[in-house]
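Have a look at the structure below, then the notes.
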Amino acid sequence: MGIGDLLHRRDGPLTRDLLREPGAFGLGQVPARLAPDATTTMVCGFCSTGCGLSVHLRDGRAVNLSPSPEYPVNGGMACPKGWEALAPLAATDRTTAPLLRDASGALREVSWSHAAGEFCARVRAVQQQHGPDSVAFLGSGQLPTEELVFFGALAKFGLGMVHGDGNTRQCMATAATAYKESFGFDAPPYTYRDFEESDVIVLVGSNLCIAHPILWERVCRNPHRPEIVAIDPRATETAQAATRHYAIAPKSDLALFYGLAHLLIEVFELIV
Ligand code: SF4
């Protein structure tokens with residue numbers, strides 16, 4: 001073997017690891033050792049942006065992922081958090097089976113059918129003793145739509161629960177009320193595309209480029225060179241990239257907005 005061959009190996013485990021092969025399923029090229037035999041889709045759960053990801057499967061197990069190019073939210077991009085969306089599957093402390101506390105208080109693993117039977121029996125026992133409205137359910141805005149519908153049907157029709165609520169009516173109650181009073185409906189009246197089309201973007205307490213990088217990408221794609229106003233006591237990465245940073249004192253945002261509202265009303269009164 002010559003010195004050239006020693007320095008430049010054309011085969012070996014590290015070289016093989018760099019090899020790509022057609023991934024099929026519209027995936028372009030993928031590492032040869034991770035070539036999938038099927039794919040499925042998921043929505044990244046790390047932040048609320050909702051990026052679509054394609055999960056690469058081999059023998060039914062997730063081995064890799066890529067951002068879905070056709071998904072309108074992220075259009076083939078993912079931030080570093082999204083690229084790690086499969087990491088929880090390998091977490092050693094991940095619960096993969098139901099756990100039931102035994103008489104000594106220790107949690108022990110039981111089968112799904114045993115857990116379901118136990119759950120129903122205990123809910124029924126409480127209802128029989130204290131009435132049907134003694135048990136309530138609480139949903140979460142983190143549940144996908146299908147799961148939330150199923151959860152509601154199961155609780156109401158399956159378990160006979162009378163009362164139910166969700167965190168969307170709790171932590172979001174003030175925001176939803178304000179939206180409704182200001183805009184006539186209970187959701188923010190903007191779209192992701194506004195980040196790409198607006199002339200002025202005001203970010204209040206939001207470190208967008210770190211917390212939701214895919215949305216920050218849209219700001220960066222905006223061809224109108226928008227004025228970016230960051231209102232934040234912190235000199236965040238977003239504040240540093242903004243065209244204006246108002247580093248107001250912590251908890252003084254309300255005073256700022258009351259002041260702005262006052263000025264707007266004054267200007268409006270001058271006009272009319
Ligand atoms: S911005 Fe990043 S963390 Fe948020 S949904 Fe998209 S990929 Fe996931």
Tell me the mean residue ellipticity at 222 nm calculated for the chain from its helices only (DSSP H runs of n ≥ 4, each -39500 (n - 2.57), averaged over every residue, nearest 500). -9500 deg cm²/dmol
Kindly list the residues of segment 221-253 that lie in the label zone of S182, defined by a backbone N under 17 Å from the point 7 Å along the Cα-to-C-beta vector. 229-232, 252-253
In a solvent-free Debye calculation with one equal scatterer on each Cα, what is log10 I(q)/I(0) for segment 101-160 at q = 0.16 Å⁻¹, listed in the order of the q values? -0.69
What percentage of all Cα-Cα pairs in segment 1-136 are separated by more than 23 Å? 60 percent
Correct semi-axes for segment 218-259, from √(5λ) of the alpha-carbon gyration tensor and rounded to whole Å with the largest first, are 23, 12, 7
Which whole number of Å³ per residue matches the convex hull of the alpha-carbon atoms in segment 90-198? 193 Å³
To the nearest 0.05, the calculated FRET efficiency linking D102 and A125 through their beta-carbon distance, R0 being 22 Å, is 0.75
Got a number for carbon plus sulfur as a percent of segment 103-170's accessible area, 1.4 Å probe? 61 percent
Pop out the Kirkwood hydrodynamic radius of segment 159-221 from its pairwise C-alpha distances, inverse of mean 1/r, in Å to one decimal. 14.3 Å
Paramagnetic label zone (point 7 Å from Cα along Cα-to-C-beta, I248; backbone N under 17 Å) in segment 164-185: 175
Distance between modelled label sites at L264 and A38, nm, 7 Å Cα→Cβ extension: 5.2 nm
Taking the DSSP beta bridges in the chain as the whole, what percent of them are antiparallel, to the nearest 5? 60 percent
Relative contact order for the chain using alpha-carbon pairs under 8 Å, separation at least 6, rounded to a whole percent? 8 percent
Give me the accessible area of K81, 1.4 Å probe, in Å² rounded to the nearest 10. 70 Å²
Rg/Rh for the chain, where both radii come from Cα atoms and Rh is the Kirkwood radius: 1.08
For segment 126-272, just the Cα atoms, rotate onto the principal axes and tell me the three extents in Å, largest first. 63, 38, 30
Dividing the Cα convex hull volume of segment 59-144 by residue count, how many Å³ per residue is that? 186 Å³
Report the residue, chosen from L215, L65, L34, that carries the largest GNM mean-square fluctuation when the chain is represented by alpha-carbon nodes joined by springs under 10 Å. L34
Residues T191 and F25, FRET efficiency given R0 of 30 Å [Cβ-Cβ distance, rounded to 0.05]: 0.50
How do W216, W83, W112 stack up against each other in accessible area, from largest to smallest, with a 1.4 angstrom probe? W112, W83, W216
The chain, Gaussian network, Cα under 10 Å: of P13, P98, P213, the residue fluctuating most is P13
Residue-normalised accessible area of the chain, given per residue in Å² at a 1.4 Å probe: 70 Å²
Heavy atoms of the protein only, probe of 1.4 Å, neighbouring chains included. What is the accessible area of T191 in Å², nearest 10? 80 Å²
Can you find, among L203, G160, V219, the residue farthest towards the positive end of the dipole of segment 105-222? Put +1 on the C-beta of Lys and Arg, -1 on that of Asp and Glu. G160
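The values are calculated or read from the model by the stated rules, or taken from the named source; none is laboratory data. In this text, all values refer to a predicted model and were calculated from it rather than measured experimentally. Note that each Cβ is placed from the backbone with ideal geometry, even for glycine, and that neighbours are counted across all protein chains shown. These area figures cover heavy atoms from the full protein model, side chains too; ligands, DNA and RNA do not enter into them. Shrake-Rupley method; radii C 1.70, N 1.55, O 1.52, S 1.80 Å.
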